[in-house]
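Below is one structure, written out as structure tokens, with a few remarks after it.
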Amino acid sequence: QVQLVDSGGGLVQAGGSVRLSCAASGRTFSRYTMGWFRQAPGKEREFVASINWTGGTTYYGDSVKGRFTISRDNAKNTVYLQMNSLKPEDTAVYYCAAGPYVQLRSRNEADYWGQGTQVTVSS
């Protein structure tokens, strides 16, 4: 069992930066592939980024490549999402997720979800 708590969202101007954190409970955190998804009003939840258990393999959604960076600290049971050069279209609720597979790029591959944290980017 893994419990995830997302934090770090807020209101930021376009071009600014925000770092999200996801704190996990449970002794098996390091065995999970971790990821971030986001959901804007009226839209489907979409993949943002994921990182494997070692931190050596990462994937990004096309809309965030080159601007967002995912990382993890297994000693702290925490995964991060550094978001730079933010755009108004990045506005969404961001959810941390954990999955048991090698990859985590779709909702079906996640076993656990955080409660979500709102990021609002003003123009």
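Read the figures in this text as sums done on the coordinates, not as results from a lab. All of these numbers come straight from a predicted model, not from anything done at the bench. With ideal geometry, Cβ positions are generated from the backbone for all residues, glycine too; neighbour counts draw on all protein chains shown.
Relative contact order (percent) for the stretch 45-123, with alpha-carbon contacts under 8 angstrom and 6 or more residues of separation? Display every interim value, and only then the final one.
Working: 118 pairs, mean separation 22.1, N = 79.
Averaging sequence separation for qualifying contacts and normalising by length gives 28 percent for the stretch 45-123.
Can you tell me what the convex hull of the Cα atoms of the chain projects to on average, as an area in nm²?
Averaging across all directions leaves 6.7 nm² for the Cα convex hull.
Can you compute the charge dipole magnitude of the stretch 38-82 about its Cα centre, using +1 on each Lys and Arg Cβ and -1 on each Asp and Glu Cβ, nothing else charged? Give it in debye, rounded to the nearest 20.
About 100 debye.
What whole-number distance in Å separates the alpha-carbon centres of the stretch 44-95 and the stretch 108-123?
If you average the Cα positions of each part, the centres end up 10 Å apart.
Could you compute the longest span of the chain free of trypsin sites (Lys or Arg not before Pro) located in DSSP loops and having at most 12 other Cβ atoms within 10 Å, not counting the site residues?
For trypsin sites (Lys or Arg not before Pro) (loop position, at most 12 other Cβ atoms within 10 Å), the longest site-free span of the chain is 77-123.
For the stretch 12-123, give the magnitude of the charge dipole about the Cα centre (Cβ charges: +1 Lys/Arg, -1 Asp/Glu; no others), in debye to the nearest 20.
200 debye
Which distance in nm do the two modelled labels at Lys87 and Thr69 give, with both placed 7 Å along the Cα-to-Cβ direction?
Here the modelled spin labels are 2.1 nm apart.
With θ set to phi - 60°, apply the Karplus curve 6.51 cos²θ - 1.76 cosθ + 1.60 along the stretch 10-24 and write out the HN-Hα couplings as whole Hz, x wherever there is a Gly or Pro.
The phi angles translate into x, 9, 9, 7, 4, x, x, 10, 8, 10, 8, 10, 9, 8, 10 Hz.
Taking the chain as a Gaussian network, where each spring joins two C-alpha atoms under 10 Å apart, which residue of Asn52, Asn84, Asn108 fluctuates the most?
Of the options given, Asn108 has the highest mean-square fluctuation.
What is the list of residues in the stretch 3-22 whose amide nitrogen lies under 18 Å from a point 7 angstrom out from the Cα of Glu46, following Cα to Cβ?
Counting backbone N atoms under 18 Å from the label point, the list is 14-15.
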